[in-house]
1. Can you list residues from other chains, or at least 5 along the same chain, whose modelled amide H is less than 5 Å from the amide H of residue 117?
2. Measuring with a 1.4 Å probe in the full set of protein chains, what accessible area per residue, in whole Å², belongs to the chain?
3. Can you tell me which of 360-369, 237-246, 155-164 comes out highest on packing, and rank the rest after it, using the mean Cβ neighbours within 10 Å?
4. Whole-Å semi-axes of the range 1-89's equivalent ellipsoid, largest first, each the root of 5 times a Cα gyration tensor eigenvalue?
5. Jot down the radius of gyration and Dmax of the range 116-263, Cα atoms only, both in angstrom.
6. Where the centroid of each part is defined by its Cα atoms, how far is the range 221-249 from the range 279-305 in Å?
7. Could you rank the peptides 270-276, 348-354 by their average count of other C-beta atoms within 10 Å per residue, with the highest value first?
8. Calculate, in whole percent, how much of the Cα-Cα pair population of the range 328-460 lies beyond 17 Å.
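The values are calculated or read from the model by the stated rules, or taken from the named source; none is laboratory data. Computed from a predicted model, the values in this text were never measured in an experiment. Note: ideal-geometry Cβ built from the backbone for every residue, glycine included; neighbour counts use all protein chains shown. In case anyone asks, the SASA skips ligands and DNA or RNA and just uses the protein heavy atoms, side chains included. Shrake-Rupley method; radii C 1.70, N 1.55, O 1.52, S 1.80 Å.
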Amino acid sequence: MLDQKSFGALWEAAKRLDCGFTGLPNLEGQPPGMDRLEEVLNTTAERLKDNYPYFHPLYAGQMLKPPHPVARMAYALAMWINPNNHALDGGRATSAMEKEAVTEIAAMVGWTSFLGHLSSGGTMANLEALWVAGQLHPGKKILASEQAHYTHRRISGVLQLPFESVATDQLGRMDSNALATRLEHGDVGTVVVTMGTTATGSVDPLPTTLELSAKHGFRVHADAAYGGYFALAQNLERDARLAFDQIGKADSIVIDPHKHGLQPYGCGCVLFRDPRIGRLYKHDSPYTYFSSAELHLGEISLECSRPGAAAAALWATQRLLPLKKHGEFARGLERGRKSALALFDKLKADSRFVTAFTPELDILVFAPRGESVSESSEMSRKIFEAAAKGNLHLAVAELPVHFWEKDLGLMKRDRDRLTCLRSVLMKPEHYDWVERIWELLSEAASEVFRTSAGGRAKESR
Ligand SMILES: *Cc1c(COP(=O)(O)O)cnc(C)c1O
């Protein structure tokens, strides 16, 4: 099941890398404990078996996309050097690779002049964006939708910036009217626009937010940690398309290569439209930047030590699969979205399920139809477990009942949140597995309907 073909290529590349260091005196000895290495590695493999099969298309739950083999191998290759992209002194080649790879991500959103770098993930990238926002609008409010990632509220707390959430519409997107009303009260420094919410992949209305920004003068931060790469996809609906077409008008953007960019964890990216914000990072390090007067990435990043290996992995992946519209990488994203739409159509046509709204990206949410919201919620958990027994791995989420209103019919609204099933179909291969996923899901649902109270009630009706 696990990819083994790339080991050969890694071995060849490691030998080539080794040739870069000939001429040095020979190294004697070996690291301590090497005689027990095999034993410990095997024990490690045993421990790692305790995981869901994230690499398999039947894992269709949380946001987990396997890194591309080239990313895994480039990362491993760089580990023999273990460069540190804080300063050119610690990572010359990988700092250059990081600048090139980030330039390509910036080009994807239409930027040629910008400031940006990689980070340990979306949380740190968003923290930097809000830190900059706070420096430019000290003490002013940060707004994000109720469906924005919870990290924004917490980051605002860390930065001691006031935070407020804005209501969402029935499609899980920031409600522009609610935003406009809130803006009338003034005192807003920055609005976070989520380009693909973590729960449902909903895309906030960036165009109207930009119009409001022109009127009120707040900063716009696009949290595209999950959805950013969909800027390349050709099969989005109108609203999402219009939003992604304008992403370059945001003041700052976060995109996570470790979400949809085929990278191992530890790879986020933050971009600023105005390179002059670099001055905010100014610091004096007495011991870091001596090898070159060129820009050291640590001079424009809050994190100090950062893995050069992450840059090597991303750079290699973008060599293999360039960030181009109509390219292979873009087709992978389009396939994920097609998978979500195909599964959504099956769920919508089946009266056993309730659906909220058509997926805007590749995430869909659904729930079994019960007598009440609480019964439906309980059955969602049971289907989650029954499906897992059949090797289909879904996820569970809690969403406001108003997202489902159109499809609930007479269902008793005895809770204001519905526990539903959530499926992130982010692997290009998912498209070939939609039928199988549906079969397994349908079987699991039948089993739960047969045994649950709601199912019995329904049959006797
Ligand atoms: C995942 C995610 C984050 C957090 O990023 P990490 O890489 O998990 O730290 C922030 N915002 C959105 C929209 C996300 O999907």
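1. 270
2. Working: 21980 Å² over 461 residues.
Averaged over the residues of the chain, the accessible area is 48 Å².
3. Working: 360-369: 26.4, 237-246: 18.0, 155-164: 15.9.
Taking the mean over residues of other Cβ atoms within 10 Å, the ranking is 360-369, 237-246, 155-164.
4. Values: eigenvalues 182, 74, 38 Å².
Sorted largest first and rounded, they come to 30, 19, 14 Å.
5. My reading of the Cα-based Rg and Dmax gives 14.0, 42 Å.
6. 32
7. Numbers: 270-276: 18.9, 348-354: 15.4.
Packing proxy ranking, top to bottom: 270-276, 348-354.
8. Details: 4875 of 8778 pairs.
Of all Cα-Cα distances in the range 328-460, 56 percent exceed 17 Å.
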